[in-house]
1. Could you give each residue of segment 215-220 its phi-based ³J(HN,Hα) in whole Hz, using Karplus coefficients 6.51, -1.76, 1.60 with θ = phi - 60°, and x for Gly or Pro?
2. Could you grab the relative contact order for segment 2-261? Cα pairs under 8 Å, six or more apart, rounded to a whole percent.
3. Could you tell me the calculated FRET efficiency between Glu35 and Asp93, based on Cβ-Cβ distance and R0 = 35 angstrom, to the nearest 0.05?
4. Can you tell me, using C-alpha contacts under 8 Å and at least 6 residues apart, the relative contact order of segment 87-233 as a whole percent?
5. Quick check: from the Cα gyration tensor, does segment 2-261 come out rounded (a/c under 1.5), prolate or oblate?
6. Report, as a whole number in µm² per second, the diffusion coefficient that Stokes-Einstein gives for segment 157-205 at 25 °C and 0.890 mPa s using the Kirkwood radius over alpha carbon pairs.
7. Considering only DSSP beta bridges whose two residues both sit in segment 37-111, what percent are antiparallel, to the nearest 5?
8. Can you classify segment 37-156 as rounded, prolate or oblate using the Cα gyration tensor, where a ≥ b ≥ c are the square roots of its eigenvalues, rounded means a/c under 1.5, and otherwise it's prolate if a/b beats b/c and oblate if not?
Amino acid sequence: MYLCNACGTQYPPSDAPPGACPICEDQRQYIPHDEGQQWIEWRTFLDAHKAEIRDDHGILGIGCEPAFAIGQRALLVKSTAGNVLWDCAPYLDGEVVERIGAEGGLAAIAISHPHYYSTMVEWANTFACPIYLHEAERKWVMRPDPAVRFWDGETNDLGGGLTLVRCGGHFEGGQVLHWAEQRALLSGDIVQVIPDRRYVSFMYSYPNLIPLPPSAVQRIAAALAPFAFDTIYGAWFDRVVERDGSAVVRRSADRYVRAVTEPGLPS
Ligand SMILES: [Zn+2]
Ligand SMILES: [Zn+2]
């Protein structure tokens, strides 16, 4: 079984590497210019890495060392309706399984967008749980599996005060997770946490710096307007906005729209 070296997506079992990675051929990712498309066998990948499991601002984060592919970490959300793994990361070994088992296992997996689908089927099979993805991203599932449940519409109530909100933007079916009890938004890179924590940002392609049209950014802000949150958890360890989350999204959307519509440089 092979993983794409650049995005960490796992493909269905095969003797030879897949011919191409459609996720990396898309404008929102890239084929590395120096080495071209590279693949790594699942076991080889596991042998060359180890788990990184640590608290990230009150939520357990799970990734690996050294960093691999896009380098995101998953988050273990412990709600009254059971544990939900938010976003997914490629690395999964006995240590991770044991730790999550000690926390009560997984009731579900939900992933913001295709860049983080990674080894989701491996995780779903291990923990015998479904994966919730938005219907609009069906074509980006590279390893189809009965565990994948597509949902349609704008919000999906998972119980326990957890709501998937379809924001679109970076991906048409881009979703974020609102956690009412913790007043938190888990945003992957649909809402991007940036160095200045008073703001966030939004892009069609992050590596290739392709912006979104104003209508898409306004749509993200409108989708999140009904939800109150303080903390925003981005896609990597320590990429966290600690306060005023709702206001941060509003003011960032306003700034973005001004920057891409008004003549002259943003002030
Ligand atoms: Zn790839
Ligand atoms: Zn992305």
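None of the figures in this text is laboratory data; all of them are computed from the coordinates on show. Note that the coordinates shown come from a computational prediction; the quantities given were computed from them, not determined experimentally. Neighbour counts are summed over all protein chains in view; Cβ atoms, including those assigned to glycine, are modelled from backbone coordinates with ideal geometry.
1. Result, ordered by residue: 4, 5, 5, 5, 5, 4 Hz.
2. Numbers: 555 pairs, mean separation 38.0, N = 260.
Computed value for segment 2-261: 15 percent relative contact order.
3. Details: r = 26 Å, r/R0 = 0.74.
Once the sixth-power term is evaluated, E becomes 0.85.
4. Values: 253 pairs, mean separation 26.3, N = 147.
This gives 18 percent for segment 87-233.
5. Details: a/c = 1.62, a/b = 1.22, b/c = 1.33.
Since a/c reaches 1.5 but b/c is at least a/b, the shape of segment 2-261 is classed as oblate.
6. Details: Rh = 11.5 Å.
After rounding, the answer is 213 µm²/s.
7. Details: 15 of 18 bridges.
Here the share of antiparallel DSSP bridges comes out near 85 percent.
8. Here segment 37-156 falls in the oblate category.
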